[in-house]
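All of the numbers you see were taken from the coordinates with simple rules; none came from a lab. Note that the structure is predicted; figures quoted are calculated from it, not measured. Cβ placement follows ideal geometry from the backbone for every residue including glycine, while neighbour counts extend to all protein chains displayed.
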C-alpha cells in the first residue's frame, strides 16, 4: 500500500520509490507533464514520458535498483534529499557495459515544485566517478 503523500518531501521520496518499483504510471501523480530532470551520464530528460523511459531503461539494466533516502529537507517550493542508490548492473545503461557487479552510489536530488505540488524541475547530482571505479573494482583490486 502506498502511504499518503502530503509534503514535497513525501512526493520526492515517492517518485524515487515508484521508480524503484517500476510503477511508472504513478509518475503522473508526482511529476509535471513538462518536467525537466537534469541528470549525469547523459540521462537528462524533458517531459514526463522521457523521464519514464529513463527509469524503464534503468530498471531493465538494474532490476534491483533501490534509492534509499538518508535525509531530506524543504525550503519553500524546493526539496532536497541525500540518497544512496544501490543495485546490480546486469544490462548496459548510460554508456556503461553490463558487468553483473553490484554498486552503491551517493546522490543528491534537488527538486522544484509548482503550486499544485508536482515536481517541475529536478537535479540529480551523483558521484559517478566512484560508481565507475566501483563497477571496475574487481579488475582494479586484482591488478594491485
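Highest mean first, the peptides 34-41, 63-70 sorted by other C-beta atoms within 10 Å per residue fall in the order 34-41, 63-70.
Adding -39500 (n - 2.57) for every DSSP H run of four residues or longer, then dividing by how many residues the chain holds, sets the calculated 222 nm ellipticity at -9500 deg cm²/dmol.
Its Cα gyration tensor gives region 88-140 an equivalent ellipsoid, and the semi-axes of that ellipsoid, as √(5λ) in whole Å with the largest first, are 31, 12, 8. Taking all Cα pairs closer than 8 Å and separated by 6 or more residues, the relative contact order of the chain comes to 23 percent. Here the residues 79, 99, ranked from fewest to most Cβ neighbours within 10 Å of their Cβ, fall in the order 99, 79. Between 0 and 90 degrees, the angle of helix 48-61 with respect to the longest Cα principal axis of the chain falls at about 30 degrees.
Annotation for residue 34 and residue 116: the two label points, set 7 Å from Cα along the Cα-Cβ direction, are 1.2 nm apart.
Across region 54-122, counting alpha-carbon atoms alone, Rg and Dmax equal 14.4, 43 Å. Rounded to the nearest 0.05, what FRET efficiency do residue 23 and residue 97 have when you use their Cβ-Cβ distance and R0 = 22 Å? The value I calculate is 0.20. Helix 8-21 axis versus longest C-alpha principal axis of the chain: approximately 50°, rounded to the nearest ten.
Annotation: the antiparallel percentage among DSSP beta bridges lying fully within the chain is about 90.
Dividing the radius of gyration of the alpha carbons in the chain by their Kirkwood radius gives 0.99 for Rg/Rh.
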